[in-house]
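Step one of this worksheet: look at the structure below.
The values are calculated or read from the model by the stated rules, or taken from the named source; none is laboratory data. Bear in mind that the values here come from a model prediction, so they are computed numbers and not experimental data. Neighbour counts run over all protein chains shown; Cβ positions are idealised from the backbone, glycine included. Quick note on the areas: whole protein, heavy atoms, side chains included, nothing else; ligands and nucleic acids left out. Shrake-Rupley method; radii C 1.70, N 1.55, O 1.52, S 1.80 Å.
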Amino acid sequence: MNILLVENDPAQADSVEREIRLSGHRISKVERGKDAISFLQANEVDLVVLDWELPGMSGFEVLYWIRRHLGREPAVLFVTSRLLEVDIVQALDAGADDYVIKPFRNKELVARVGALLRRARRSIKVESAIALGPYIFDVTQRGVFLHGESILLTEKEFDVAAYFFANVGRVVSKRLLAKLAWGRELDSTSRTIDTHIYRLRRKLALRPDNGVRLTTVYTHGYRLDEVDAGSVDAQAPEESEREDAVAENDMPEQGTQSNLR
């Protein structure tokens with residue numbers, strides 16, 4: 001299988017490359033984040049071994065780019081010297097599949113690489129389509145359908161919605177949503193995310209009668225859940241309806257262009 005190693009320490013990179021080749025895998029290596037993106041735009045890989053501390057574009061920024069533009073694959077093994085739990089959680093929340101802390105033994109790294117590649121072999125490829133109930137996302141053509149009817153979304157709306165549907169049941173932070181849509185964090189007082197979640201709820205009819213519920217998780221972000229459209233809970237009024245009413249009051253005046261494009 002094909003592996004990309006992104007590591008700016010030549011001695012470390014050569015050592016890891018040797019061990020991975022001995023395990024029978026093909027490996028390419030680059031030293032900078034921007035070079036990693038250029039490589040991934042031109043080549044298909046199964047796993048990226050990604051150092052957090054890179055010159056210029058950080059490994060964290062590369063990780064965001066991978067998940068925004070390439071989806072849930074390739075797998076990403078994050079390499080970091082940071083020991084704090086908050087840093088590890090941040091990396092996993094952003095889409096890393098596993099992590100290893102420096103300094104590490106090469107045998108340990110190769111074992112983690114092998115585990116991720118075995119998982120990749122077993123997984124069902126989902127790059128071309130995401131389906132949930134009556135919803136279908138055509139990731140290749142960037143189209144979305146509800147009950148067979150096409151729904152028009154802006155580019156950034158599609159990125160955000162597709163991420164929710166590819167991560168059902170997972171809390172997605174506002175910070176991550178901002179990174180997905182705008183490539184940067186927004187001011188903590190901004191209602192931009194809330195306003196655009198309102199738009200997505202309305203455009204995609206994200207309601208229990210369609211088998212889904214988009215819930216606000218207080219102080220954390222949002223979570224998309226699959227629900228039974230015929231259940232009692234599905235018939236009950238949702239908290240999101242009250243949230244939508246608040247967001248609607250904050251909507252720009254008609255004729256003002258949305259930032260989510």
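In order along the stretch 154-170, phi translates into HN-Hα couplings of 6, 4, 6, 4, 5, 4, 5, 5, 5, 5, 4, 6, 7, 10, 4, x, 9 Hz, rounded to whole numbers, per the Karplus curve 6.51 cos²θ - 1.76 cosθ + 1.60 with θ = phi - 60° and x for Gly and Pro.
Quick check: residue separation of His220 and Ala42 times 0.36 nm, minus the Cα distance between them. What number comes out in nm?
Numbers: separation 178, 0.36 × 178 = 64.08 nm, distance 3.57 nm.
Taking 0.36 nm per residue and subtracting the Cα distance, the gain is 60.5 nm.
In a fully extended conformation the segment linking Arg21 and Thr154 would gain 43.6 nm over its present Cα-Cα distance, using 0.36 nm per residue. Note on the stretch 2-121: with neighbouring protein chains present and a 1.4 Å probe, carbon and sulfur make up 49 percent of its accessible heavy-atom surface.
Each residue, Ile101 and Val227, gets one label point 7 Å from its Cα in the Cβ direction; the gap between the two is 4.0 nm.
So for the stretch 1-110, averaging the separation of alpha carbon pairs under 8 Å that are six or more residues apart and normalising by length, what relative contact order in percent results? RCO, the stretch 1-110: 25 percent.
Starting from 0.36 nm per residue, how many nanometres of slack lie between Ala129 and Ser58 once their C-alpha separation is accounted for?
Working: separation 71, 0.36 × 71 = 25.56 nm, distance 2.97 nm.
Going from the current span to full extension adds 22.6 nm.
The lysines whose alpha-carbon is closer than 25 Å to the alpha-carbon of Lys203, local same-chain residues fewer than 8 away aside, are Lys156, Lys174, Lys179. Summarising the overall dimensions of the stretch 7-156 from its C-alpha atoms, the Rg and Dmax are 17.1, 55 angstrom.
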